[in-house]
1. Length gain on complete extension for the stretch Leu163 to Arg56, per 0.36 nm per residue less the alpha carbon to alpha carbon distance?
2. Which residues in the stretch 16-54 have a backbone N closer than 13 Å to a point placed 7 Å from the Cα of Ala83 along the Cα-to-Cβ line?
3. For the stretch 35-106, which chymotrypsin sites (Phe, Trp or Tyr not before Pro) are in a loop by DSSP, counting at most 14 other Cβ atoms within 10 Å?
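Since every read-out is calculated from the coordinates, none of them should be taken as a lab result. The structure displayed is predicted, hence computed values, not measured ones. Here the Cβ positions follow ideal geometry from the backbone for every residue, glycine too, while neighbour counts run over all protein chains shown.
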Amino acid sequence: MTYHPLDDAPHRSRLRRLRAAWRRKLDPSEQSAVVSWGAFTLTFAGVRALTHWIRRGHGPAGGGLSLHGRHFHHYNLGIAALAGVGAVAVRGSEKQRHHPTVPISYGVGTALIVDELALLLDLEDVYWAKEGRTSVDAAVIIIGLGGLMTAGFEFWPAAQRVLTEPT
């Protein structure tokens, strides 16, 4: 049998306390905001890392997804994700609207669109132009982290106490 650190009773207890603090400090809409900002930040950072990795010659030939010989930009996936979230908001049941995949999909979809915002604004593929690309990357990641911190403002001190107290 393989040992897993979360199988220890102290870790399970800490996880239960962290979950309790999450529910106590944040109402469901605040929880959704934190999840959405977290999904945005992780997706944006992950897409940036992946695209830089592909740009350095790794991964698929041609630098990404192609459909019938045409480059398929990931903002299309973001638009599809936001359309799905909108459909759930308009027609979904209360249970569906409060499912965790909704704020995750919203954050992921938004990040995929924001990552290619220059292309959408200029309507030409300026994705890899050096002018300001690094500062834009840094700014968006900082905005993502700032939103994540702000959205969970009430939760973070409680989470820190739970995670740093002795088990």
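1. Fully extending the segment from Leu163 to Arg56 adds 34.7 nm.
2. The answer is none.
3. Phe72
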